[in-house]
Amino acid sequence: MAGFSLKHVYEAQQFDRELLEIVFNVADDMKASLTGDRQYARELEHSIMASLFYEPSTRTRFSFESAMSRLGGKIITTENAREFSSAAKGESLYDTIRVMSGYADVIVMRHHEAGSAKKAAEASAIPVINAGDGAGQHPTKALLDMYTIKDNFSEIHGLKIAMVGDLKYGRTVRSLTYLLTKYNNIKLYFVSPSVCRMEDDIKNFLDRMDIPWTEEEELEKVLPIVDCVYMTRIQKERFQDPDDYRTAAGKYVLNLEKAHMMNSNAIIMHPLPRVNEIPREVDTDPRARYFEQAGNGLYIRMALLYLLLKN
Amino acid sequence: MAGFSLKHVYEAQQFDRELLEIVFNVADDMKASLTGDRQYARELEHSIMASLFYEPSTRTRFSFESAMSRLGGKIITTENAREFSSAAKGESLYDTIRVMSGYADVIVMRHHEAGSAKKAAEASAIPVINAGDGAGQHPTKALLDMYTIKDNFSEIHGLKIAMVGDLKYGRTVRSLTYLLTKYNNIKLYFVSPSVCRMEDDIKNFLDRMDIPWTEEEELEKVLPIVDCVYMTRIQKERFQDPDDYRTAAGKYVLNLEKAHMMNSNAIIMHPLPRVNEIPREVDTDPRARYFEQAGNGLYIRMALLYLLLKN
Amino acid sequence: MAGFSLKHVYEAQQFDRELLEIVFNVADDMKASLTGDRQYARELEHSIMASLFYEPSTRTRFSFESAMSRLGGKIITTENAREFSSAAKGESLYDTIRVMSGYADVIVMRHHEAGSAKKAAEASAIPVINAGDGAGQHPTKALLDMYTIKDNFSEIHGLKIAMVGDLKYGRTVRSLTYLLTKYNNIKLYFVSPSVCRMEDDIKNFLDRMDIPWTEEEELEKVLPIVDCVYMTRIQKERFQDPDDYRTAAGKYVLNLEKAHMMNSNAIIMHPLPRVNEIPREVDTDPRARYFEQAGNGLYIRMALLYLLLKN
């Protein structure tokens with residue numbers, strides 16, 4: 001694809017507006033092909049994807065492996081990659097990746113240490129895609145979130161987006177916020193308990209980019225205003241006092257009653273898995289988009305595999 | 001296939017005589033194709049099967065994955081599915097299945113809780129096949145048992161079938177008995193120690209269906225009479241007194257001497273794995289059918305995948 | 001392939017000079033096809049390989065599965081095969097292999113007990129390839145080592161080869177030595193600390209075959225003389241005194257300075273994973289061949305799969 005210059009995908013920051021558009025256009029093609037002519041069904045027939053997971057993440061792994069399969073590609077897979085570099089044997093990530101480069105055409109790596117994906121990319125003769133590296137990045141997740149927003153609104157310009165829940169530790173909301181800054185004239189609403197507010201680095205970054213944001217504690221205030229509510233789970237272990245946790249967890253629940261406070265063409269997103277923060281009664285509301293969002297991961301990953309391997 | 005109306009396969013009770021005949025006919029086709037023209041080798045080329053195993057069962061998983069591969073299909077697989085819904089994350093089976101529906105065309109699920117397969121089927125937009133759910137059902141196993149009997153006798157009508165060993169807890173014999181009632185004029189012989197007799201619910205059901213049955217403790221009495229002996233393992237943990245176990249385990253062994261008491265055209269079945277209840281000396285006896293029976297699992301699963309995905 | 005008579009591959013001793021040449025020629029073809037016409041890309045399209053690993057060995061498993069994929073074949077895989085024959089169920093290897101024979105066209109087995117591969121081969125109706133059985137054999141590794149030497153020298157005749165490190169417990173150096181004896185007029189240099197010298201059985205075998213060998217403790221003495229240095233890891237647990245270990249580990253390190261003592265057309269091999277015995281600075285030296293060596297595993301395994309399944 002003219003203009004797609006990446007050799008690896010290790011962090012959301014690699015993507016500028018132009019690259020995002022390329023990926024999203026190819027994702028659109030992939031989506032259309034699956035319900036239509038299946039023109040990509042043998043596109044990567046002679047390629048092998050290695051799923052190199054240093055910790056299990058079945059959901060992410062399945063999404064990538066489904067994407068590769070939909071393109072006709074072959075898969076070799078492990079959720080046991082730590083065994084490669086067991087303490088006893090002590091092999092470096094560098095050596096592991098060099099060896100893997102001889103067995104596959106693209107590596108999808110999940111690792112427990114932040115920064116591992118970039119290190120792997122530097123060692124690798126074949127493309128590396130980061131499927132999450134510890135507290136670091138999970139760029140394909142940020143891309144599918146952004147794609148879901150783009151897919152639901154003809155124009156990103158002017159959108160008002162609320163992020164709700166654990167904004168301090170939530171890797172997904174941080175990365176999505178970063179990608180949103182590639183588009184102009186949006187407004188962000190950060191809705192969270194005080195103990196898990198969005199960090200200053202992101203707020204300062206938004207200020208530098210001249211993107212307006214505001215902080216709220218009350219979900220109800222924001223619901224009637226915004227075009228998109230991005231819900232996340234609030235985790236018990238962030239709170240010192242169990243009572244504080246119960247209060248917060250109760251407050252940031254988007255039930256059907258609250259969903260009805262939203263605009264009729266607004267959307268509800270969630271990175272999944274959810275626990276109680278969105279009850280199942282909301283699933284049939286036309287605003288609910290979280291299963292569609294999970295499904296979009298397939299098209300984004302098909303697009304990335306295609307772009308990295310056919311370029 | 002005209003007449004095949006199922007969307008999912010979660011329990012043996014879904015199959016009436018007509019559905020059984022359809023499945024068995026397609027299984028015959030599949031078997032013939034593998035040694036012949038391989039006409040189905042690319043039939044499911046564009047389909048993905050997700051093996052979603054909440055507990056390992058390599059044997060069953062391999063049988064399904066071999067079946068899908070023989071049809072040209074693709075596979076994404078985990079024996080680690082509990083991680084999806086880990087206690088920490090707490091995702092419901094409903095959500096897991098909804099997400100999986102976006103990644104695959106058919107789900108083969110193994111679960112530790114009885115009733116899970118039916119729940120999964122209700123949540124799923126794509127076909128679900130039960131590969132065993134706890135103490136519940138393992139319908140494809142019952143089908144392959146029934147298919148093996150049908151394959152060995154031109155006529156089910158009039159057959160005398162003995163079930164031997166642990167009839168109380170044995171999921172396979174209970175399900176097979178159920179399927180046998182779809183055929184007329186058979187007679188059943190339940191041979192077991194008193195602590196693991198066939199349960200009353202099945203016996204009452206047989207009475208209602210007017211199917212004669214009898215209980216025996218002595219294997220030797222039954223061997224000369226029956227057309228089929230279905231052996232199962234007796235498990236130590238069913239017995240309070242270890243001596244009782246040793247007596248029972250010794251009694252329900254079908255060695256070559258006892259096999260010779262059977263009719264020359266009778267058959268010996270076993271769901272495998274076996275331990276001591278059939279010594280290896282019997283393997284070369286022409287009556288031994290347990291490895292053929294395991295192999296039939298492939299044709300039955302090919303047939304079901306084909307029927308569910310091509311209908 | 002005319003002349004390839006093996007039904008299974010369970011030990012290096014099965015290969016005579018003629019069989020080695022056949023395997024290496026096919027491996028050359030496979031290698032050429034991957035960067036060229038990919039003429040073998042659908043060769044095994046209708047075949048299934050079962051990876052039956054009783055213990056994890058991701059590196060070896062990936063190499064075999066990549067080989068099968070490059071030939072267009074399908075894969076069913078487990079690193080959990082012990083579950084098949086769990087203590088509770090107690091199934092014999094014989095039964096497991098008989099059942100597996102119905103699901104696949106070739107079995108690649110890794111087992112924790114020496115001799116298991118040969119036992120499996122005897123039970124199996126389909127080809128079995130040994131991917132390592134405990135302290136026993138790992139024949140495909142010996143073949144790829146031998147292939148790497150052959151690939152780097154127009155003539156094996158007259159080569160001087162040093163083996164360095166743990167020669168007592170190193171399965172790879174023992175098997176490679178065995179294969180080298182199939183070629184005439186070579187000379188071997190065994191370089192190791194006294195506690196891990198090459199065993200007498202191999203030395204006596206070399207004497208009987210009239211192949212000259214010598215033992216050294218100083219790596220530097222040998223480096224200027226030989227054509228090939230085969231490095232291995234020295235393991236701490238072989239030494240009673242930790243100081244002895246540190247001395248030995250320090251002594252048998254091939255750094256860049258020492259590499260420069262070697263002939264310019266000599267080569268450095270290592271079975272990988274490495275720890276400190278070859279620092280990364282050596283990787284860019286033209287003598288370094290260990291990553292190429294790992295890559296050669298792919299061609300050898302493609303060749304074996306092809307020969308076993310197409311013959």
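As a summary of the residue check, C:Glu113 satisfies the conditions (1) assigned to a loop (DSSP other than H, G, I, E, B); (2) open to solvent by 30 Å² or more (accessible area, probe 1.4 Å); (3) within 14 Å of chain B (Cβ to nearest Cβ) except for the one numbered (3). Scanning the stretch C:77-106 for residues that are facing chain B (nearest Cβ under 8 Å), open to solvent by 10 Å² or more (accessible area, probe 1.4 Å) and modelled with pLDDT under 80 turns up C:Glu83, C:Ser85, C:Lys89, C:Gly90.
Of everything listed in (1) open to solvent by 20 Å² or more (accessible area, probe 1.4 Å); (2) within 22 Å of the chain's Cα centre (by Cα); (3) within 14 Å of chain B (Cβ to nearest Cβ), the single unmet condition for C:Lys118 is (3). Tell me, please, whether a residue that is surrounded by fewer than 17 Cβ atoms within 10 Å (Cβ to Cβ) and in contact (Cβ under 8 Å) with a residue 12 or more places away in the chain can be found in the stretch B:67-76. No, that holds for no residue. Inspect the stretch C:121-138 for any residue being open to solvent by less than 10 Å² (accessible area, probe 1.4 Å), in contact (Cβ under 8 Å) with a residue 24 or more places away in the chain, more than 21 Å from C:Leu6 (Cα to Cα) and more than 14 Å from chain B (Cβ to nearest Cβ) and give the result as yes or no. No. When the test is whether a residue is part of a loop (DSSP other than H, G, I, E, B) and in the same structural domain as B:Asp201 (by TED's automatic domain parsing), B:Ile156 passes it. So which residues in the stretch A:191-207 are outside any helix (DSSP H, G or I), in contact with a strand residue (DSSP E or B) (Cβ under 7 Å, 6 or more places away or on another chain) and open to solvent by 10 Å² or more (accessible area, probe 1.4 Å), if there are any at all? Passing the criteria: only A:Arg197.
Of the residues making up the stretch C:54-105, those that are over 30 Å from B:Asn276 (Cβ atoms), assigned to a helix (DSSP H, G or I) and among the aliphatic types (A, V, I, L, M) are C:Ala67, C:Met68. Across the stretch B:160-183, the qualifying residues are those that are open to solvent by 20 Å² or more (accessible area, probe 1.4 Å) and among the hydroxyl-bearing types (Ser, Thr, Tyr), and the one among them that is modelled with the highest pLDDT is B:Tyr178. On the stretch given as the stretch C:139-159, residues that are surrounded by 23 or more Cβ atoms within 10 Å (Cβ to Cβ), touching a strand residue (DSSP E or B) at 6+ places or on another chain (Cβ under 8 Å) and not charged (D, E, K, R) total 4. Answer yes if at least one residue in the stretch B:64-72 is within 9 Å of another protein chain (Cβ to nearest Cβ) and at pLDDT below 95, and no otherwise. No, the stretch B:64-72 contains no residue that is within 9 Å of another protein chain (Cβ to nearest Cβ) and at pLDDT below 95.
Within the stretch A:7-16, the only residue that satisfies the criterion of being buried (at least 21 other Cβ atoms within 10 Å of the Cβ) and in a helix (DSSP H, G or I) is A:Ala12. Being at pLDDT 95 or above and more than 17 Å from the chain's Cα centre (by Cα), is that true of even one residue in the stretch C:145-152? No, because not a single residue in the stretch C:145-152 is at pLDDT 95 or above and more than 17 Å from the chain's Cα centre (by Cα). Among the residues of the stretch A:271-311, those identified as open to solvent by 20 Å² or more (accessible area, probe 1.4 Å), under 13 Å from A:Val9 (Cβ atoms) and either within 11 Å of chain B (Cβ to nearest Cβ) or out of contact with any strand residue (DSSP E or B) (no Cβ under 9 Å at 6 or more places or on another chain) (or both) are A:Tyr306, A:Asn311.
Close Cβ contacts (under 6 Å, 6 or more residues apart or on different chains) running from residues in the stretch B:243-256 that are among the hydrophobic types (A, V, I, L, M, F, W, C) to residues that are in a helix (DSSP H, G or I) and at pLDDT 85 or above comprise B:Leu256/B:Glu281; B:Leu256/B:Val282. There is no residue in the stretch C:23-37 that is under 29 Å from B:Phe64 (Cβ atoms) and without any contact (Cβ under 8 Å) to a residue 60 or more places away in the chain. The residues on offer are A:Tyr230, A:Tyr245, A:Tyr252, A:Tyr306, and the sole one that is closer than 30 Å to B:Glu83 by Cβ and assigned by TED's automatic domain parsing to the domain that holds A:Ile107 is A:Tyr306.
Only one of the numbered conditions (1) assigned to a helix (DSSP H, G or I); (2) at pLDDT 95 or above is not met by C:Leu188, and that is (1).
Taking the criterion of being open to solvent by 10 Å² or more (accessible area, probe 1.4 Å) and within 10 Å of chain A (Cβ to nearest Cβ), the residues of the stretch C:47-56 that qualify are C:Glu55, C:Pro56. Just one of the listed residues (C:Lys118, C:Lys150, C:Lys221) is free of Cβ contacts under 8 Å to residues at least 40 places away in the same chain and either part of a helix (DSSP H, G or I) or closer than 17 Å to C:Ile268 by Cα (or both), and it is C:Lys221. Of note, C:Thr35 does not satisfy the criterion of being open to solvent by less than 40 Å² (accessible area, probe 1.4 Å) and either aliphatic (A, V, I, L, M) or farther than 17 Å from C:Asn311 by Cβ (or both). Looking across the stretch B:20-32, just one residue is over 20 Å from B:Gly295 (Cβ atoms) and crowded, with 18+ Cβ neighbours inside 10 Å, and that is B:Ile22. Among the residues making up the stretch C:208-218, a single one is outside any helix (DSSP H, G or I) and without any contact (Cβ under 8 Å) to a residue 12 or more places away in the chain: C:Asp210. Does C:Arg233 count as assigned to a helix (DSSP H, G or I), within 17 Å of A:Lys89 (Cα to Cα), at pLDDT below 95 and open to solvent by 10 Å² or more (accessible area, probe 1.4 Å)? No. When you scan the stretch C:254-270, how many residues do you find that are closer than 21 Å to C:Glu216 by Cβ, open to solvent by 30 Å² or more (accessible area, probe 1.4 Å) and in a loop (DSSP other than H, G, I, E, B)? Result for the stretch C:254-270: 4. Look through C:Leu34, C:Leu44, C:Leu19 and report the one residue that is hydrophobic (A, V, I, L, M, F, W, C), over 16 Å from C:His138 (Cα atoms), within 14 Å of chain A (Cβ to nearest Cβ) and assigned to a helix (DSSP H, G or I). The match here is C:Leu34.
The values are calculated or read from the model by the stated rules, or taken from the named source; none is laboratory data. In this text the structure is predicted, and so the values were computed from the model without any measurement. Please note: Cβ atoms are built from the backbone with ideal geometry, for glycine as well, and neighbour counts cover all protein chains shown. Side chains included, ligands, DNA and RNA excluded: accessible areas come from the protein's heavy atoms. Shrake-Rupley method; radii C 1.70, N 1.55, O 1.52, S 1.80 Å.
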